[in-house]
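The block underneath contains the structure these notes are about, expressed in structure tokens.
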């Protein structure tokens, strides 16, 4: 069903993952990822429902 | 012996004597303070410098284009021999000094060919002290010069001439110089040369002087050690050698060799690797500058300016500002300049201060780099991406310091205000519930066991990305709060300086508790992805869990049941209905365990029918299954059987189903009150695994359900038209008298309900998150969260279910 397991690419730069920095290829990319969390660069689509989220700022 | 009061020019005979005194004074100064001239006399660096001075002179001959090889030999008696095939030191009489030129060069400080730019345009030896200093600090020195077809010989002891230059015979060699010296044990505490140290410097010289052959032989050991270096690849080969075993971002290195500008020549080779460290070596006239200087400054200015220009757009996209450090991450560079009369900050030449070098290097490097970036777009993109990532990483480290509490994690006063902490201090006994939404957080705070359960409410932040699209994310403050509450720190730094440490984790149960809807599953996936990427150790240790809040509450009279999902609800309804049900099949009556067994089959059949009932109602497919009309190769006979069955269950006024079969599948139609109704069992449908499976069941289905069976619940009786209808009827029976409440979110549960269903360790079910689970979720959400906007929408539709069911 799923294709045979390959080494997953680094989520930041798509280079092969390095076990010591899993799931990244390097400390640099892990750091970049942290930066994206801290700069609110990651989001997922929200339900386009009529309900207003009271968390909106 | 020397007389300080003696002054030159007293008498003709004394003139020689007097000038000698001056010379001895100079060399005496060297012997008195050797460190000033040759470096440390105790740690071996000065000793090796002795050899390097002589070697540098030989290399200067090669640089000037007159020598092609340099041989270095470590002799058994502690002396060193350096031989070159250059022009040979001049042997004619020096007019001013009245002795041979060779003797002047080897005994007079500040004498030699290096001041006269006609003999050596550039040289590594500085101010000509080299050879004379080595001589002064040697027990003895012997020099052979092959020049004008003759071999000349001169010998010194402690820098004094003991055998003036004389011709010892015809030369068997072409031309050249051979210097052998034995470092004085009176000056150096350590007089043993290290082969490896010489080897390193000679390799460096061979790289810097493409084509020059350099050998080093250690005859002090048996068998003797010998290494030969000769590189034709120039500085590019040097860079490749420095990074051997590392993967560069591109090959070959960027290479630059300029013609002479204002007497200065610039050579450069560089590339980037993915390693975080920078390695940039700078040389002036073959001498390394540990502390850089004007050539390095010119190089860095050019690098920063050029890369800045090309990386501008990318940096804007990543919202970072670049600084020079970003472009030097992973850089390996060798910069070599040839400068006439260079100036250094010290005798050890660790820093170049000649100011005229900087603009020349900057111009040359800027031109070469710009050209490379223009002509290598593919490689350039890889480099620029790395540069921008380096900047982003730097910025992230700074952000992490700002947003994550840095104080001691055990200090309660620094914990975020939103956290409702528990009394327990032992991490092994403490639990943290990460709850989405303030209302749910409120219920959880009231419902929890304060002794060991902490609650951290997190709010998903809604973001209006475009008019038509809403996005949800975890605000940076939320991420900061989470990290602080966990107490672990973040990133690869030292734990004392805020880096991640699992030992500092304050809870060994971290429970993600989100609503059971799509939004909840997205927030959960965001959190899982965060943990997986930034704290995988925590997942590996088995500390991360997912709460299982119920989706339904079913109530009948006083009895109350919480059910976590649709499947659990169905189970529950069946359980109720089947307690007093009987099913009469042609083979006999079923009840109790036998009926349970049959219902399990019915659920399977019904499930498969519902799965393929896209355009065709399940009631029709059910009849098709009973008629054997779901075969991959449809035939008219079964199609007509299906039409007859449909007629049989239709209202008498709506009968009249007609059928045809062709290559596209089975077509059915009837006319009801003048309107034609059509149904198609397409080949695509007939070829599904579900249709095939149902066809395999045909004999049993026909046997048991061809005629509607009798189904009773105490006094109630029914005659379902097939297996699917039978199941529906049983579920409907189960629903009787039952109030089913569906929780839209955690916030709809009161504190007591939340405790009894989700928080209470004796009643709850927690799913432990396994790293493999998250790997799957992670790749799903890499796409979801990635900045590639377009494939993203499709993806969520396809995978929403997959993600929602992550915990199954």
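Every number in this text was worked out from the coordinates using simple rules, so none of it is lab data. Only a predicted model underlies this, so the values are computations on that prediction, with no experimental measurement involved. Methodologically, a virtual Cβ is constructed for each residue, glycine included, from the backbone with ideal geometry; neighbour enumeration extends over all protein chains shown.
Summary table
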read-out	value
Burial ordering of A:17, B:589, B:473, fewest other beta-carbon atoms within 10 Å first	B:589, A:17, B:473
For the protein assembly as shown, convex hull of alpha carbons as volume per residue, Å³	272
Relative contact order (percent, whole number), region B:56-95, Cα cutoff 8 Å, 6+ residue spacing	36
Dimensionless Rg over Rh [region B:564-702; C-alpha; Kirkwood]	1.03
Whole-number D in µm² s⁻¹ for chain B, Kirkwood Cα-pair radius fed into Stokes-Einstein, 25 °C, 0.890 mPa s	69
Sequence of B:596, B:752, B:56 once ranked by neighbouring C-beta atoms within 10 Å, starting from the fewest	B:752, B:596, B:56
B:325, B:762 arranged by Cβ crowding within 10 Å, fewest neighbours leading	B:762, B:325
Alpha-carbon centroids, region B:139-169 and region B:590-669: separation in whole Å	114
Chain B - percent relative contact order, Cα under 8 Å, separation 6 or more	8
Share, in percent, of DSSP beta bridges within chain B that are antiparallel, nearest 5	80
Degrees separating the helix B:45-63 axis from the principal Cα axis of chain B, which is the longest one	80
Degrees separating the helix B:592-612 axis from the principal Cα axis of chain B, which is the longest one	60
Using alpha-carbon coordinates, inclination of helix B:357-375 to the longest axis of chain B, degrees	40
Rounded, prolate or oblate (a/c below 1.5 giving rounded, otherwise prolate when a/b exceeds b/c) for region B:641-779 by Cα gyration tensor	prolate
